[in-house]
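The values are calculated or read from the model by the stated rules, or taken from the named source; none is laboratory data. Owing to the predicted nature of the structure, the values given are computational and were not obtained by experimental measurement. For neighbour counting, all protein chains shown are included, and Cβ atoms are generated from backbone atoms with ideal geometry for every residue, glycine included. For the accessible areas, the whole protein counts, side chains as well, though only heavy atoms, and no ligand, DNA or RNA atoms are used. Shrake-Rupley method; radii C 1.70, N 1.55, O 1.52, S 1.80 Å.
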Amino acid sequence: MPNYRREWTPGGTWFFTVNLLERHRNQLLTANIDHLRDCVALERTRRPFTVIAWVVLPEHMHWMWRLPEGDADFATRWRRIKTDFSLGISKTERRSAVRLARGERGIWQRRYWEHAIRDDLDLQRHIDYIHFNPVKHGRVGRAVDWPYSSFRQYVSRGVYPEAWANGQ
């Protein structure tokens, strides 16, 4: 069995990739975007964190979070967001015998990928990656056209021009 090691930096800034279990032809995240937003907002009331940037595609999502000073527990936050999301949607997914035996849903990949942000350049590169992701995956030709991301907020604050990443 793999030995997963996570870095635990209190007050750190983190980039996350969270995937659905069956990514092909799955529209679950964007089809339930309001519910997902509610789950993130609820967790932020229970265990605060700052959302720096985000994008949700139909089958996976990327988030950039900053945790409060002295707090490194992103794992509980993700577990609760994924659990709350799962509890709020109908049980229509295929579930393996293992997941059935454990009483698990068949929605999420068990793990997620996280990266501790090292410096300002690393931060900017990951924010760019988040906002370019819908273009990269062929969902839109321009980042501004994807409705499920923080890109438009960055445009309104003057961080990006509206034409940034147009079909690059």
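Go ahead and estimate [θ] at 222 nm for the chain from helices alone: -39,500 (n - 2.57) per DSSP H run with n ≥ 4, summed, over the residue count, rounded to 500.
-10500 deg cm²/dmol
Over the chain, what relative contact order in percent results from Cα pairs under 8 Å that are six or more residues apart?
So the answer I get is 28 percent.
For the chain, set up a GNM with springs between Cα atoms under 10 Å and report which of Gly70, Gly12, Gly106 has the largest fluctuation.
Among Gly70, Gly12, Gly106, the largest mean-square fluctuation in the Gaussian network model of the chain belongs to Gly70.
At a temperature of 20 °C and a viscosity of 1.002 mPa s, determine how fast the chain diffuses translationally according to Stokes-Einstein, using the Kirkwood radius over alpha-carbon pairs as Rh; express D in µm²/s, rounded to the nearest whole number.
Reported coefficient: 126 µm²/s.
Quick one: how many Å² of Leu36 are accessible to a 1.4 Å probe, rounded to 10?
Leu36 exposes around 0 Å² with every protein chain in place.
Roughly how many whole Å is it from the C-alpha centroid of the range 59-91 to that of the range 101-125?
9 Å
Give, in nm to one decimal, the length gained when the segment between Glu104 and Ser156 is fully stretched (0.36 nm per residue of separation minus the Cα-Cα distance).
Residue separation times 0.36 nm, minus the Cα-Cα distance, leaves 14.6 nm.
With all protein chains present and a 1.4 Å probe, how do Trp8, Trp65 order by accessible area, largest first?
On the way: Trp8 130, Trp65 0 Å².
From most exposed to least exposed: Trp8, Trp65.
Subtract the Cα-Cα distance of Asp34 and Ser96 from 0.36 nm times their separation in residues, and report this length gain in nm to one decimal.
Length difference between fully extended and current span is 19.6 nm.
Of the peptides 125-131, 155-161, how do they stack up when ordered by the mean number of other Cβ atoms within 10 Å, highest first? Write out the running numbers ahead of the final one.
Values: 125-131: 19.6, 155-161: 12.4.
Final packing ranking: 125-131, 155-161.
For Lys82, Lys136, Lys91, write out the residues from largest to smallest accessible area, computed with a 1.4 angstrom probe and no ligands counted.
Ranking Lys82, Lys136, Lys91 by accessible area, largest first, yields Lys91, Lys136, Lys82.
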